[in-house]
1. On average over all directions, what projected area in square nanometres does region 208-346 have, based on the convex hull of its Cα atoms?
2. Using the count of nearby Cβ atoms within 10 Å as a rough guide to exposure, how do 22, 204, 155 rank from fewest to most?
3. Could you pull out which residues in region 8-49 have an amide N less than 16 Å from a spot 7 Å beyond the Cα of residue 320, following the Cα-Cβ vector?
4. Against the longest alpha carbon principal axis of the chain, how many degrees, from 0 to 90 and to the nearest 10, is the axis of helix 268-281 turned?
5. Divide by every residue of the chain the summed helix terms, -39500 (n - 2.57) for each DSSP H run of at least 4, and state the resulting mean residue ellipticity at 222 nm, rounded to the nearest 500 deg cm²/dmol.
6. Under 1.5 on a/c is rounded, so check that first for region 118-257, then, if it is not, pick prolate when a/b is larger than b/c and oblate when it is not; a ≥ b ≥ c are the square roots of the alpha carbon gyration tensor eigenvalues.
7. Within 10 Å of each residue's Cβ, count the other Cβ atoms and sort 76, 320, 224 from fewest upward.
8. Could you give the length gained by full extension between residue 69 and residue 265, i.e. 0.36 nm per residue of separation minus their alpha carbon distance, to one decimal place?
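Any read-out appearing in this document is the output of simple, stated calculations on the displayed coordinates, not a laboratory observation. Predicted model, so just to flag it, every value in this text is computed and none were measured. Every residue, glycine among them, receives a Cβ derived from its backbone with ideal geometry; neighbour counts consider all protein chains shown.
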C-alpha cells in the first residue's frame, strides 16, 4: 500500500524585480506572510513535503502504507524534456505508486481541486497583401483578416463546444474556451497595409470533451473557412479577383499539449483528502481550475487514483508579489498527517 505526494516543483516562473515590492528571489518573512517567487507555486510545497518526510523519519510511526514524495524540476518549462515526471513515467518508475492514492501537490486554496483543464497552444498566420494605406482596395490587410478570422473561430468554437452539466457538477467557472493572447506583424510604416499578421493563443479544454477530436475539428474549421466571405470593417477585402489573389490562413500548434483531468470523487483518496481538510479547517470547498498540469491525465487513465491539492494562495499564482501564509502551510502539514493516518488504517 502506497500514498504518494507528487508534482511539487523546484523551478519557478520569471519575475520582473522592478515590479515587486520585495526581492522576488529571496524569501521574506513578515509575520505570518511568506513573500517570494515560488512560495505558492511551488517551493512552499517542496519545503513542506521535505519537512513532513523529516518528521516521519524522526518519529518513526508504525506505517502500513509507504509514503513517497516525488519532486520535479521542469513543470514551468515543459519544453525541457527527459528530466521530469514525464521521464519517470516513461521509465516505469511510478508504477509502484498505483497501489494507493497519488496526491498532486501543486494547486492552492486547499480545495480539494476536483479537476483541471487541458491546454492547446495555437498560432494562426494570416497572409494578405502589402500596399499603401491610402489605397486600401489595392491591399489585403492581414490585421483585419486576423481580427475577422479569430472572431469567426471563437464564435464557432464556443457554439460547438458548449459547457455540459459536468462543468457545473465539478464547479468549473467556465467551459472550454479559445482565445487569442498574442499578436504580431513584421516591422513597417504606419502608412503600410501589412501583408502578414500572426495571432497566437490557447484553448483550455475541460476534461469532459475529447481533446484530440476538438483539435482536429479546429483544424478542419480553419482549413474550410472561406476568407472571401469574411466581413470587413473598412474598404479593404480579403481577395483581389483582378489579380487572382486571395488571403490565406495557416493554423499550427505550438509546444506539447496538456490533457485535463477530473478526479474520482468516490475514491478513498478523495474522501481522505476531503475529510482531512474538513477536520483541519472546519470546511472543505471543492473547486476546479482552468489551469493545466502535466502528465496527470495519463496517470489517471492508466489506473492511478490521482487527486489534487495545494496550500498556497491561488490569487498570487504567477503574480507579482507572490506570497503565502505560514499558518496555512502549517494547516497543510496537519492535512498531510490526517491523510496518511486515514490511508494507513484503510
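1. If I average the Cα hull's projected area over directions, I get 14.1 nm².
2. On the way: 22 15, 204 22, 155 10.
Ordered from fewest to most neighbouring Cβ atoms within 10 Å, 22, 204, 155 come out as 155, 22, 204.
3. Label zone hits: 14-25, 36-37.
4. Relative to the chain, helix 268-281 is tipped by roughly 80 degrees.
5. Result for the chain: -9000 deg cm²/dmol, rounded to the nearest 500.
6. Values: a/c = 2.62, a/b = 2.30, b/c = 1.14.
Note, shape of region 118-257 comes out prolate.
7. Details: 76 16, 320 13, 224 7.
In order of increasing Cβ crowding within 10 Å: 224, 320, 76.
8. Working: separation 196, 0.36 × 196 = 70.56 nm, distance 2.25 nm.
Gain in length upon complete extension: 68.3 nm.
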